[in-house]
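The numbers here are math on the coordinates, done by the rules we state, and not lab data. This structure is a prediction, so every number in the text was calculated from the model and none was measured. Cβ sites come from the backbone with ideal geometry, for glycine too, and all protein chains shown count toward neighbours.
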Amino acid sequence: MGQKYLIDTCAVIKYLDELLPPEALCFMDALVDDDSKVSFITKIELLVWNPPIAEDIKVREEFLAGSEIHYINDDIIEGAIHIRKTTNIKLPDAVIAATAMHNNYILLSTNENDFNKVVPMGLKYLNPETAF
């Protein structure tokens with residue numbers, strides 16, 4: 001895969017729970033096997049969940065163990081501030097969008113309501129539920 005992707009929390013959850021269309025699951029399988037990248041925000045969001053079945057958290061931990069975690073820096077902070085002020089999306093989503101933009105990644109997320117607001121600012125965005 002030539003293009004790099006940052007996977008948002010909602011896309012990770014739907015992928016792990018196999019709730020995406022079959023074509024999207026195949027795409028995500030290849031992406032996860034090749035070069036899985038997530039924000040530290042996604043790591044936090046995935047691990048704060050208390051599942052009814054204890055094994056479910058292990059699946060998330062295994063996913064994260066095979067993923068590159070992107071942490072925050074001053075450029076991402078400045079980008080998140082600008083995104084938040086301009087779009088008024090929630091701070092975690094602004095940080096995730098800024099992380100994707102800073103690294104020139106395509107953001108994979110099913111959260112169209114928020115991330116479509118950032119596309120005019122330069123965010124490359126793909127919804128795996130509707131793109132395939």
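Our summary of shape: the Cα atoms of the chain have principal axis extents of 39, 30, 25 Å, ordered from largest down, in whole angstrom. Relative contact order of segment 73-132, taken over Cα pairs closer than 8 Å and 6 or more residues apart, is 30 percent.
Asp33 to Ile77: extension gain in nm, 0.36 nm per residue of separation minus the Cα-Cα distance? Write down the numbers at each step before the final one.
Details: separation 44, 0.36 × 44 = 15.84 nm, distance 2.94 nm.
Taking Asp33 through Ile77 to full extension adds about 12.9 nm, to one decimal.
Of the listed pairs Lys43/Lys124; Lys58/Lys124; Lys58/Lys85, which have alpha-carbon separations greater than 29 Å here? With Cα atoms farther than 29 Å apart: Lys58/Lys124; Lys58/Lys85. Amide H contacts of Lys37 (H built 1.01 Å from N, in plane; Pro and chain starts excluded): Ile7, Glu68 sit under 5 Å, all sequence-distant by 5 or more or on other chains.
With the charge dipole of the chain set up from +1 on Lys and Arg Cβ and -1 on Asp and Glu Cβ about the Cα centre, the Cα lying farthest toward the positive end among the listed residues Asn104, Thr42, His82 is that of His82.
So what is the relative contact order for the chain, in percent, with contacts set as C-alpha pairs under 8 Å and at least six apart?
Relative contact order for the chain comes out at 32 percent.
As an exercise, use a Förster radius of 22 Å and the Cβ-Cβ distance of Phe40 and Asn116 to find the FRET efficiency, rounded to the nearest 0.05. About 0.40, to the nearest 0.05.
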